[in-house]
Amino acid sequence: MTIAISKIDARRLIQKLLNAPIAPGRDSYFINVGTEPIIDALDQNYFRGDLADGIGCFKYLEGDYGSGKTQFINSLAQRASENDVVTALVTVGAECPFNSPAAIFRAIMESFQPPADADTGDAKGIEILIDSWVSTRIRQLGAEPGDDVPDLVQRQIEEQLGGLWKGAPDTQMASALTALSKRLLKTNCGATAAVADSELISWIRGDNVRSTGLKALGLFEPVRDDNAFRRLKTVIAFLRTRMAYRGFLIAFDEGTRTSSFRRGSAKQKQAIENLLTMINQNAEGEFGGVMFLYAATPDFRSEVISTYRALQDRIGTVAFSRGSPLVPLINIEEANSENVIFQIGDRLLAVFAKAYDIEWDEGLQKSNMKAIVEAQKDRLFETPKPRFFVYQYCRFLNNQREAQRAISNEQASDFVNDNEPPLEGEDA
């Protein structure tokens, strides 16, 4: 099969997969298989529909370790980005304990990425998102960022950014976003960045920073647990109304084996309250055009959600299907099968072929792939999870690059037993 990927992107994707058994970020969609019907439904109903109208939703993604949750999230983010939807992918853990609204806010602020057509690479952060909008807007008005931006273009953008925002959920954040947007407009028009700019960015990101320059802007109160969600609502509303971003995908991924929900009853209760706050206030339209997604393993629903009736009611027990495409619960395990594993293998063969100009002996490699999968099944006593298969099969194909050769069932078993994936890490 052929795949729509450049040689450079193919090599980068392979290096990511060889280096660690985790989903390869924005390149995940190149090898995503099995979940297309789910992504298509979310795309059609939300990215091309409700989010642009300011209607939000919540999705709960369930799957065991290695089943492909992170892979799904990255592939969904790519589709969102293609539809001019802003994304923020957050890993829940030590850096973002879910029992702290302030920590959640900071994690989102540093994870924002502009849509696909923005020339920002892998750069992330609220300031990257705003700067991308400013430079794009300058080009839309017929100029190029730099010293020669006409005054008329600058004035038009300043008018769109607006002035004082009365009635903002958080007045200080509204003032800060306006000030930063206008500063980034100036730097895109040739002005030199100042120390005050970095202080302003740090404050908006949620860092505990204070200065006379910030006080002069009326920014004297850092983010705290009791104001974090108000500030997040202010950020979302500013980006929607003044920069016309059409929607947002904010995904939380329990990427490690330690869940922030299981660190004691008080913290667990607060974490559940934070999740319920986002779900309920989003349903009431207070965020506006946001798809919140939370990904966790099955034991989280059986051990934690089952004890909180309010959260259980909002997630439900009916999982996504073609007949029920808009329910909150998405069970990714149902999208995995032996056939899906072979399809992933076909994608990887195509990626390696593109990256290194390889002409695979298809019959030989199909036989090898089957031998590897059968050896994995014998090793695991079940069909391998995508994470396990991808980790080992990439190493196998890397060994086959220089000299293709058929392997016996015994050789396949030896290879599988000698290339055990690391226990720690995120889902592939």
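The values are calculated or read from the model by the stated rules, or taken from the named source; none is laboratory data. Values in this document were obtained by computation on a predicted structure and should not be read as measured data. Ideal geometry is used to build each Cβ from the backbone, glycine not excepted, and the neighbour counts take in all protein chains shown. Accessible surface areas use protein heavy atoms only, side chains included; no ligands, DNA or RNA. Shrake-Rupley method; radii C 1.70, N 1.55, O 1.52, S 1.80 Å.
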>> Beyond 20 Å, how much of the Cα-Cα pair distribution for the range 39-190 remains, as a whole percent?
In response: 61
>> If each residue of separation counts as 0.36 nm, what is the full-extension length gain between Asp313 and Asp207 once their alpha-carbon separation is subtracted?
In response: 34.6 nm
> Using a 1.4 angstrom probe with every protein chain in place, what is the largest-first accessible-area order of Ile3, Ile104?
Replying inline: Ile3, Ile104
>> Given a 1.4 angstrom probe, I'd like the percentage of the accessible area of the range 59-127 that is carbon and sulfur, rounded to a whole number.
In response: 38
> What is the gain in length, in nm to one decimal, between Leu164 and Asp414 on full extension, counting 0.36 nm per residue of separation less the C-alpha to C-alpha distance?
Replying inline: 83.2 nm
> Around Gly363, with a cut-off of 14 angstrom between Cβ atoms, what is the net charge of the other residues, counting Lys and Arg +1 and Asp and Glu -1?
Replying inline: -1
> Among all the lysines, which ones have a C-alpha under 28 Å from Lys124's C-alpha, if same-chain residues fewer than 8 places away are not counted?
Replying inline: Lys7, Lys16, Lys59, Lys69, Lys182, Lys186, Lys215, Lys233
> To the nearest 10 Å², what's Met291's accessible area with a 1.4 Å probe?
Replying inline: 0
> Which value, in debye to the nearest 20, describes the size of the charge dipole of the range 103-245 about its Cα centre when Lys and Arg Cβ atoms bear +1, Asp and Glu Cβ atoms bear -1, and nothing else is charged?
Replying inline: 580
>> Checking a compactness column here: for the range 103-245, what do you get for Rg(Cα) / (2.2 N^0.38 Å), N being the number of residues?
In response: 1.01
> Assuming R0 = 25 Å, what is the FRET efficiency of Phe342 and Ser321, from their Cβ-Cβ distance, to the nearest 0.05?
Replying inline: 0.60
> So how exposed is Arg246, as accessible area in Å² (1.4 Å probe, rounded to 10)?
Replying inline: 80
>> Using a 7 Å offset from the Cα along the Cα-to-Cβ direction at both Lys377 and Glu284, what is the distance between the two label points in nm, to one decimal?
In response: 5.2
> Across 20 Å bins from 0, what is the distribution of all Cα-Cα pair distances for the chain, in whole percents?
Replying inline: 24, 51, 23, 2
> Pairing the Cα long axis of helix 7-19 with the longest principal axis of the chain, what angle in degrees results, from 0 to 90 and rounded to the nearest 10?
Replying inline: 80
> Efficiency by 1/(1 + (r/R0)^6): what FRET value for Glu303 and Ala94, r their Cβ-Cβ distance, R0 = 22 Å, to the nearest 0.05?
Replying inline: 0.60
> How much area per residue is accessible in the range 103-245 when the probe is 1.4 Å and only protein heavy atoms are counted (Å²)?
Replying inline: 46
